[in-house]
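Readers should treat all values here as calculations from the given coordinates under stated rules, not as data from a laboratory. Note that the structure is a prediction, hence the values are computed from the model and not measured. Every residue, glycine as well, gets a Cβ built from its backbone with ideal geometry; the counts of neighbours run over all protein chains shown.
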Amino acid sequence: MKMKKLLALLFISTISFAQNADRKFINLSKTNDGFGVEVSDGNYYFKFISDKIVETSFVPKKEKVSNNSHAVILNSKIKNLTYFAESNSIECYPSLGKFKVKIQKSPFKISYLNNNAEILSEKSGYLKRKHIPLENVKGNITADSTEVLQFNISSDEVLYGGGARALGMNRRGNKLALYNRAQYGYETRAELMNFCIPLVLSSKLYAVHFDNEAIGYLDLDSKKDNTLEYETISGRKTYQVIVGNSWEDLVKNYTDLTGKQPLPPRWAFGNFSSRFGYHTQEEVEKTIRKFEESKIPVDAIILDLYWFGKTVQGTMGNLEWDKDNFPNPDKMISDLNAKGVKTVLITEPFILTTSSKWKETVDKKVLATLKDGKPATWDFYFGNTGIVDVFKPEGKEWFWNVYKRLINQGVSGLWGDLGEPEVFPSYANTFAGKADEIHNVYGHNWAKLIADGYKKDFSNQRPFILMRSGYSGSQRFGMIPWSGDVSRSWGGLQSQMEIALQMGMQGMAYMHSDLGGFAGDYFDNELYLRWLQYGVFNPIFRPHAQEDVASEVAYKDIDTREIAKKAVALRYQMLPYNYNLAFENTTEGKPLMRPLFFNEPNNKELLSKSDGYLWGNDFLVYPITEKGQTQKEVYFPKNSNWYDFYTGKKYEAGTTQKIELNKNNIPTFVRGGSFIPMNKSIQNTQNYVLNDFDVHYYFDEKSETSKLNLYNDDGVTPNNFENLKFEKFDFRSKFKNNSLSIRAEYDHTFANSNSKKINLIIHGFDKLPKEIILNKKQLKNSEFTFENNLLTIILDCPLDVTNEIEIKQ
């Protein structure tokens, strides 16, 4: 009797975790690039794109296979697969691979195994059901029924992804709408924002990317029954499962799949002058003079929509200079360029029926249409409008010609706003499909047409493409995303770390915010300074706001300006380190901002933490997000001790301590054993060179070896690394038997430089070392300095000559 109960229990348990009970296995067949499984209601197709990425497609009966992907660019496919068959199951995997697909025949079930452990399995798999819209997208997602892919997940997983949201770092328990839409003035919670990416990442070090552009939902176990669901109105039933050996490896594999971010121009890492907005040419020129007079570094000025119209409403789509207020834009841009200040212009895809371009766009048939082929129009805040069809060849060509004219005029950066699109009715049609089918990839393809245009017509210039909406893989077009119209409040600041960290994990490593906050007239200099101090350790440093309160450092009162100037100056001193982070992102996909669990993936307490983060590998940053805060609790990750970046105080790895705060900076620490390259203060990046710079080494007994490979190039030309037009500095350290060895070498030069001067500054010695040997010669006291526990040795670094230093305690 007990045995019967046990067998019944096992049978029920198996059924509950199996797929749709009506789905029957028929046969498995090998294909040219993988294998297929025929089941009673359709066909599955599997292909290993790499030994860590497998793509699965389900094609219901009477549907055709679609290979069209807006996200995936990785074409390599592994054809030498191993099959291991048992009576009721078949496993398939690349030869010697640890990542496997397992097909259970009866009851039918698809599982994904890594290192022989199941990480994910289809639950009901594919199904159709009645659409019940989420409250926040009623009227936006209106389909009667939806198609669903349903999976089993384990009860202890922490889930990330879904694009840009403010929900808490662990997004499990939420059902997320996939419908790009702005949320004006948000603070600590924003369930739906401008970037909806159909990607889920798990603390078990796998990710699932749903490769379909249509609108829908991601359900991250909202019913608390260990279920992950992807739900869509239409399109492909295709997904990729990706695994990694570490968080860095997982993100690398995902960006291998969807594309790496090209290296931005170096000026993009400088300070921006930006607001909504500069009304006249005189105002633009006056603002830059103010920066110069205050000796505040600045690299670019961003012009909002007044460059083409005197009023906010009624002028969108003009896309020509308003010559009344900007009488000589060519001279203005030329004069700014001469000072090393780049000009960035806003553009929108909407062409108002009242704009000067309306007739031209109608005649040239470049707009989205109604069923009868006439331009689709609708009303929104800015007026009655149509929208450029960025999927249509004529639309792409027309829009690019607008940009081409501006770039030829000297414009260095392009800002694409409202590209969700902000309002895009379901009845509109594009060359690529209906509005709801391509809504989420509009901004993505808008960025693509700009990136493609640069490659064709300005192949020696790196684009700067600032956009507030995109999709999986938008990073490969060089898109620089920002977090939308955040409230100018402490609540607005509090959500920014989560948004940036999450987006970095999803490939969009340049996610940043309007420093100081955008929306509202809230006036708080403490908030402004804390936001800027956080911005120093952000991918992009861009104060921007509505003009009720000045966003530019140059327009602040004397006391605020002096503290803010320190933040801006530090941003420029960090250029060598920051540019190197950008290179790591371009070549390896590593985010610039990284969650603390990247350092300790098995520390469960860190999996939901976003109040502190890693800036690259070697900086630990804790922003201040509360008014009047006097202390901050800081956790110092394991594996290395940490130095206070400003005071030099040393903190023990793996401890939590309360740090006293001051108004001049936020808690910032440097990993023991790291090399930190820093530059001298400069007015902007125009004349930036690495001929004479500092390298700080933070000595730590726990760090037996460390290294830095420092990349540099001209900061302008695309593909310098691929074309071998760069220079590289290699630094190595080794600590053994109370002796510290450091090696420094300069090689692979792109410029005519016979030698580099490097000021090696060593932190962490509490007394003068017994002996310092440089290139086998003992240094005299006059050949180095030791002040305030800092040991400084000046190195002459000719090309391909290694400097070897030995320091004995």
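Structure summary
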item: Whole-number Å³ per residue for the convex hull built on Cα positions in the range 595-663; result: 92
item: Point-to-point label distance, SER89-GLU397, nm (Cα→Cβ direction, 7 Å offset); result: 5.7
item: Of PRO667, PHE151, SER274, farthest towards positive along the dipole that unit charges on Lys, Arg, Asp, Glu beta carbons give the chain; result: PHE151
item: Mean separation of Cα contacts under 8 Å, 6 or more apart, over the residue count of the chain: relative contact order %; result: 10
item: Nearest-0.05 FRET efficiency for GLU605 and ILE132, computed from C-beta distance (R0 41 Å); result: 0.70
item: Cut-off 20 Å, label 7 Å out along Cα→Cβ of VAL423, residues of the range 470-495 by amide N; result: 485
item: Mean shadow area of the range 80-140 over all directions, Cα convex hull, nm²; result: 6.9
item: Fewest-first ranking of SER640, SER273, SER50, using other Cβ atoms within 10 Å as the exposure measure; result: SER50, SER640, SER273
item: Spin-label pair GLU292/GLU633, simplified geometry with 7 Å Cα→Cβ offset, distance in nm; result: 5.1
item: Farthest positive-ward along the range 675-808 dipole, Cα basis, beta-carbon charges - from MET678, ASN720, ILE805; result: ILE805
item: Cross-link pairs beyond the 32 Å C-alpha cut-off, checked among LYS565/LYS776; LYS323/LYS455; LYS590/LYS680; LYS30/LYS456; result: LYS565/LYS776; LYS30/LYS456
item: Computed E for ASP714/ASN759 - FRET, C-beta separation, R0 25 angstrom, nearest 0.05; result: 0.60
item: Zone residues, the range 39-64, relative to ASN245, backbone N less than 19 Å from point 7 Å out along Cα-to-Cβ; result: 49-54
item: Relative contact order of the range 344-397, pairs being alpha-carbon contacts under 8 Å that are 6 or more residues apart, as %; result: 38
item: For the range 324-426, convex hull of alpha carbons as volume per residue, Å³; result: 120
item: Length released on extending from LYS456 to THR280, taking residue separation times 0.36 nm less the Cα-Cα span; result: 60.1 nm
item: Hull shadow area, averaged, the range 17-123 [alpha-carbon convex hull, nm²]; result: 7.0
item: For the range 311-362, the fraction of alpha-carbon pairs in successive 5 Å shells from zero, as %; result: 4, 18, 22, 20, 16, 12, 6, 2, 0
item: Alpha carbon convex hull of the range 582-628, projected area averaged over orientations, nm²; result: 4.2
item: Too-long pairs where the Cα-Cα distance tops 18 Å, listed order kept, from LYS627/LYS663; LYS175/LYS223; LYS736/LYS756; LYS339/LYS556; LYS138/LYS175; result: LYS736/LYS756; LYS339/LYS556
item: Distance violations [Cα-Cα > 31 Å] among LYS130/LYS365; LYS295/LYS734; LYS609/LYS702; LYS609/LYS767; LYS52/LYS658; LYS47/LYS252; result: LYS130/LYS365; LYS295/LYS734; LYS609/LYS767; LYS52/LYS658
item: Shape box of the range 668-809 [Cα atoms, principal axes, largest first, Å]; result: 46, 35, 27
item: Fewest-first ranking of VAL137, VAL37, using other Cβ atoms within 10 Å as the exposure measure; result: VAL137, VAL37
item: Pairwise FRET efficiency - SER739 versus GLU660, Cβ, R0 = 56 Å, nearest 0.05; result: 0.95
item: Which of LYS632, LYS364 has the fewest Cβ neighbours within 10 Å, and the rest in rising order; result: LYS364, LYS632
item: Alpha-carbon Debye profile of the chain, log10 I(q)/I(0) at 0.05, 0.08, 0.11 Å⁻¹; result: -0.28, -0.73, -1.30
item: Over the range 423-486, relative contact order from alpha-carbon pairs under 8 Å, at least 6 apart, %; result: 27
item: Principal axes of the range 266-593: Cα extent on each, largest first, Å; result: 61, 46, 40
item: Percent of Cα-Cα distances greater than 18 Å, calculated over the range 454-588; result: 58
item: The chain - share of DSSP beta bridges that are antiparallel (%, nearest 5); result: 85
item: Selection from MET505, GLN240, GLY139, by position along the positive dipole direction of the chain (Cβ); result: GLN240
item: Label point distance in nm, VAL801-PHE750, each placed 7 Å from Cα along Cα→Cβ; result: 2.5
item: Prolate/oblate/rounded label for the range 228-280 (Cα gyration tensor, a/c 1.5); result: oblate
